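Presented below is the structure to which this report refers.
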Amino acid sequence: MTDVYGNAVWWAMMIAGDVDACGALLAGDPVDPGRLRREWIEYASVLRLVRLDVAAVDLLHRRAELRALLGEAA
């Protein structure tokens, strides 16, 4: 395990309120703020490790299968 990955895992474990939220954070997926530990989110946002201004719809372009599905529906 590299130091960078180990650091990311540690932060995700501290921020996440449950295992699924931790996995989503590590995958770079949006997580409902209610599933996160508020005190750790505030600390991580001060260090600019997390973004609190992104909605799930903003991340649709990251998923190739969603982009294809939306293209077919249009």
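The values are calculated or read from the model by the stated rules, or taken from the named source; none is laboratory data. This is a predicted model, so every value here is computed, not measured. Because the Cβ atoms are built from the backbone with ideal geometry, glycine has one as well, and the counts that use them run over all protein chains shown.
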- Residue in segment 8-18 that is over 10 Å from the mean Cα position of the chain (by Cα), among the acidic types (Asp, Glu) and modelled with pLDDT of 80 or more present: yes
- Message: Just to be sure before I move on: is Leu66 at pLDDT below 65, exposed (fewer than 13 other Cβ atoms within 10 Å of the Cβ) and touching a Leu at 6+ places or on another chain (Cβ under 6 Å) in the structure I sent?
- Response: yes
- Task: Identify the residue in segment 22-49 that is assigned to a loop (DSSP other than H, G, I, E, B) and in contact (Cβ under 8 Å) with a residue 12 or more places away in the chain and, among all such residues, is surrounded by the fewest Cβ atoms within 10 Å (Cβ to Cβ).
- Result: Gly28
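For segment 42-63, give me each residue that is farther than 21 Å from Tyr5 by Cβ and either at pLDDT 90 or above or in contact with a helix residue (DSSP H, G or I) (Cβ under 7 Å, 6 or more places away or on another chain) (or both).
Result: Leu52, Leu60, His61.
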